[in-house]
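Take a look at the structure below.
The values are calculated or read from the model by the stated rules, or taken from the named source; none is laboratory data. The structure presented is a predicted model; accordingly, all values stated were derived computationally and were not measured. For neighbour counting, all protein chains shown are included, and Cβ atoms are generated from backbone atoms with ideal geometry for every residue, glycine included. Quick note on the areas: whole protein, heavy atoms, side chains included, nothing else; ligands and nucleic acids left out. Shrake-Rupley method; radii C 1.70, N 1.55, O 1.52, S 1.80 Å.
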Amino acid sequence: MKDLGLEKFQDTVAGCLVRHKSIIDVLTKIDETSARVNRAVSKSVTSCGCIQINAKKQQVPAEISLYELVSYMDTHVQGKLCDGCKEIIEQEIGNHIFYLAALCNILGLNMKDIICNENEKLSTLGIYNLS
């Protein structure tokens, strides 16, 4: 299963999408699944406590280069996801990817092409990609 290609995944999604075939349904499901990912991560902090968020202003020295900046940036996440939270978050991200694939199918887009194009852009622009 680890060698599953994006085209195969998109084909599988196309075969499974019955109830939410409308682009309106898919767009609203993308919003919903995004919120569920956010909620699952939040619950890892507030209910389980396996991770903590310690958000504060990023401390960046004044005289560093853009390339050095990455070593000063913090994710603000402390700890490690427990197996239960990891499983839930992976499931929610999977659901989100399902609806992204469904949107690609409806619009006649190829996920692999999109990811390859984005990777090429990121590889070319590097830290200047403005993402």
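Exposure check, 1.4 Å probe, all protein chains in place: C82 carries approximately 40 Å² of accessible surface. Among K80, K121, the sequence by solvent-accessible area, most first, with a 1.4 Å probe is K80, K121.
In the context of the full protein assembly, L6 retains an accessible surface of approximately 60 Å², using a probe radius of 1.4 Å and ignoring ligands and nucleic acids. The accessible-area ordering, largest first, of the residues S71, S42 stands as S71, S42, per a 1.4 angstrom probe.
Rounded to the nearest 20 debye, what is the charge dipole size of the chain about its Cα centre when +1 sits on each Lys and Arg Cβ and -1 on each Asp and Glu Cβ? For the chain, the charge dipole is close to 400 debye.
Here the contact order of the chain, divided by its residue count and restricted to Cα pairs under 8 Å and six or more residues apart, works out to 36 percent. On a per residue basis, the chain carries 74 Å² of accessible surface, using protein heavy atoms and a 1.4 Å probe. The Cα atoms of the chain give a gyration tensor whose axes a ≥ b ≥ c have a/c of 1.5 or more with a/b no greater than b/c, which makes the shape oblate. Among the GluC sites (Glu not before Pro) in the range 1-78, those located in a DSSP loop and surrounded by at most 12 other Cβ atoms within 10 Å of their own Cβ are E63.
Take H96: with every protein chain present and a 1.4 Å probe, its accessible area is about 40 Å².
Put simply, the range 39-112 fits an ellipsoid with semi-axes of 31, 23, 9 Å; these come from the alpha carbon gyration tensor as the roots of five times its eigenvalues, largest first. Across the protein chains, with a 1.4 Å probe defining accessible surface, the residues V45, V18, V60 rank V18, V60, V45 from largest area downward.
What's the carbon and sulfur percent of the range 18-116's accessible surface, probe 1.4 angstrom, rounded to a whole number?
Values: 3980 of 6990 Å².
That share works out to 57 percent.
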